[in-house]
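Below is one structure; the comments refer to it alone.
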Amino acid sequence: MPISAPQPQKRSSDAEHAEPTVTDHLVEANAKYASSFRDPGMDARPVLKVAIVACMDARLDLHAALGLELGDCHTIRNAGGVVTDDIIRSLTISQRALGTRSVVLIHHTGCGLLNLTEDFRHEIEAEVGQRPAWAVEAFKDLDQDVRQSMQRVRTSPFLPHRDDVRGFVFDVTTGRLREIDPRP
Ligand SMILES: [Zn+2]
């Protein structure tokens, strides 16, 4: 039997008795948001000229935690807040095309990547018969991973602004940032 791609979930409006999906709730929330939205009249360049690279963790509300307003910064997020080639791509565009100068890196306590190893990739390969091209970038030492991320930004030849790069660990239980010394 041929393997078929998973069918996209039908919109609730398509099926009379279907429960609303999480996306339906989001779309509904957006309708409320848009009803009182006023065009802020901004262009795409972040007001504070800063790019923040952070983990995608759901407990990390960057704007609230850092006192940021709409339009202040670029937020670039992935699993772990790891500085991968794609993060460098975004930072390069952020700095060269959209005028940012500073980089802030934020990892956090209780990160999902602390519980993974590169075995994750091998297990996926065994399951699906194809090896992911990406590294898991799992880590055991949060501080050291922040240092490595700072180092990757500071040594990237593509970034014109590498003098203001600072790294932090956010504590998900206290909401506090702890700055990491770039030297171990
Ligand atoms: Zn995380």
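The values are calculated or read from the model by the stated rules, or taken from the named source; none is laboratory data. Treat the numbers as computed from the prediction; the structure is a model and nothing was measured. Cβ coordinates were reconstructed from backbone atoms using ideal geometry, including for glycine residues, and neighbour counts include every protein chain displayed.
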**Asked** Is there any pair with a first residue in the range 164-175 that is farther than 15 Å from Leu66 by Cβ and a second that is modelled with pLDDT of 95 or more and not polar (S, T, N, Q) whose Cβ atoms are under 6 Å apart and which are 6 or more apart or on different chains, and what are they?
**Response** Val165/Val103; Val165/Met150; Val165/Val153; Val165/Arg154
**Request:** Can you confirm whether the range 41-57 contains a residue that is among the small types (Gly, Ala, Ser), modelled with pLDDT of 95 or more and surrounded by fewer than 13 Cβ atoms within 10 Å (Cβ to Cβ)?
**Result:** yes
**Item:** Every residue from the range 136-170 that is more than 16 Å from the chain's Cα centre (by Cα), assigned to a loop (DSSP other than H, G, I, E, B) and aliphatic (A, V, I, L, M)
**Value:** Leu159
**Request:** Show the residue pairs that are 6+ apart or on different chains and have beta-carbon atoms under 7 Å apart, the first residue being within the range 125-147 and exposed (fewer than 12 other Cβ atoms within 10 Å of the Cβ), the second being not charged (D, E, K, R).
**Result:** Lys140/Leu114
**Prompt:** List, please: which pairs have Cβ atoms under 8 Å, are six or more places apart or on different chains, and start with a residue in the range 25-46 that is more than 27 Å from Val103 (Cα to Cα) and end with one that is part of a loop (DSSP other than H, G, I, E, B)?
**Reply:** Glu28/Pro20
**Prompt:** Among the listed residues Arg89, Arg59, Arg45, which satisfies the condition of being basic (Lys, Arg), outside any helix (DSSP H, G or I) and within 16 Å of the chain's Cα centre (by Cα)?
**Reply:** Arg59
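Which members of the range 61-93 meet the condition of being among the acidic types (Asp, Glu) and within 16 Å of the ligand (Cβ to nearest atom)? Outline the logic, then answer.
Residues of the range 61-93 among the acidic types (Asp, Glu): 61, 69, 72, 85-86.
If the condition is that a residue be among the acidic types (Asp, Glu) and within 16 Å of the ligand (Cβ to nearest atom), then Asp61 is the only one that fits.
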**Message:** So for the range 119-130 (the condition being within 16 Å of the ligand (Cβ to nearest atom) and either at pLDDT below 95 or in contact with a Gly (Cβ under 6 Å, 6 or more places away or on another chain) (or both)), does at least one residue qualify?
**Reply:** yes
**Prompt:** Could you count how many residues in the range 18-42 are assigned to a loop (DSSP other than H, G, I, E, B) and among the hydroxyl-bearing types (Ser, Thr, Tyr)?
**Reply:** 2
**Gly71 being closer than 28 Å to Lys49 by Cα, crowded, with 19+ Cβ neighbours inside 10 Å and either touching a residue at least 60 places away in the same chain (Cβ under 8 Å) or not polar (S, T, N, Q) (or both)** = no
